[in-house]
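K.L.:
Just dropping this structure here.
Values in this text are rule-based calculations from the coordinates and carry no lab data. Just so it is clear, the structure is predicted and the values come from calculations on it, not from any experiment. We place every Cβ from the backbone using ideal geometry, glycine too, and count neighbours over all the protein chains shown.
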Amino acid sequence: LNLRNNRVSVLFSGVFQGLAELQTLDLGGNNLRHLTAQSLQGLPKLRRLYLDRNRLLEVSSTVFAPVQATLGVLDLRANNLQYISQWLRKPPPFRNLSSLYDLKLQAQQPYGLKMLPHYFFQGLVRLQQLSLSQNMLRSIPPDVFEDLGQLRSLALADSSNGLHDLPDGIFRNLGNLRFLDLENAGLHSLTLEVFGNLSRLQVLHLARNELKTFNDSVASRLSSLRYLDLRKCPLSCTCDNMWLQGWLNNSRVQVVYPYNYTCGSQHNAYI
């Protein structure tokens, strides 16, 4: 059922009764501000729900209760979700969506999510793809990804509004992660406390960060890495980076445009 790009602002109770076989519901591009516990009743087989580009101010676990057993894809990008505290007033919104494997939360309006509350993704034990890009995050607690042991793809690009560095242990349970996008995330350093457990990571985007060094101990722990983007990072010409030239030339990692890497503020190529 495709209701995209209309002017729907209210979902009345029981509006979807009788659609017991419906698997995909597209409500993107409408004017929805609030959803209630009755909004999605009557959809026992719903697998894909698109709510992108609405005006939703919040989401709660009660809203998704009627579809929690079957929902696999949830698109909430470009809504008006915001959190001003690291502590939730209500239970985590996705805690009962144990079948969800794809969650999109990027580009919340007008200025992004700003911060993620503690245990925000609790219960998403089968989630494989999570997008949080374009959200100008100021704070991420170390326990926020605690339940995401099956996660394979995580996007945090363009979230550099004062985020600076990630907290120690934030990826400690993401041993299955294959793809990590941290482009323009405001990072100043790479540490084992953050990246040391990502032994299955294959693709790492780090372009446009404030990295002056690429930690060799971190590189040695990223044993499955095959693709690395360090463009427009102010890598310094110091002893800390001496190992990098040989590693880039000899490793099995595909490095994006290494001949364009510059030495800090200088214009000469690093390699």
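K.L.:
Pairs of Cα atoms under 8 Å, at least six residues apart: use those to get the relative contact order of the chain, whole percent.
P.N.:
Answer for the chain is 9 percent.
K.L.:
Now, a different point. Tell me the label-point distance for the pair Thr24, Asp165, using the 7 Å Cα-to-Cβ offset, in nm and rounded to one decimal.
P.N.:
In this crude spin-label approximation the distance works out to 4.5 nm.
K.L.:
How far apart, in nm, are the 7 Å Cα→Cβ label points at Arg7 and Lys45?
P.N.:
So the label points at Arg7 and Lys45 sit 3.4 nm apart.
K.L.:
Still on this structure: I want to verify the translational diffusion coefficient of the chain in µm²/s; compute it with Stokes-Einstein, Rh as the Kirkwood radius over Cα pairs, at 37 °C and 0.692 mPa s.
P.N.:
165 µm²/s
K.L.:
For segment 1-141, build the charge dipole from Cβ charges (+1 Lys, Arg; -1 Asp, Glu) around the Cα centre, then report which of Gln41, Gly123, Gln68 sits farthest towards its positive end.
P.N.:
Sorting the options by dipole projection puts first Gly123.
K.L.:
I've got another one for you. Write down, largest first, the equivalent ellipsoid semi-axes of segment 202-252 in whole Å, where each equals the square root of 5 times an eigenvalue of the alpha-carbon gyration tensor.
P.N.:
17, 14, 9
K.L.:
Next question, about the same structure. Cut-off 17 Å, label point 7 angstrom out along Cα-to-Cβ of Ser139: give me the residues of segment 70-103 whose amide nitrogen falls inside.
P.N.:
82-90, by backbone N distance to the label point.
K.L.:
Could you check the simple spin-label distance between Val125 and Asn31, using points 7 Å along Cα→Cβ, in nm with one decimal?
P.N.:
According to this spin-label approximation, the distance is 4.2 nm.
K.L.:
Need one number: convex hull volume per residue for segment 38-128, Cα atoms only, in Å³.
P.N.:
In segment 38-128, the Cα hull volume divided by residue count equals 87 Å³.
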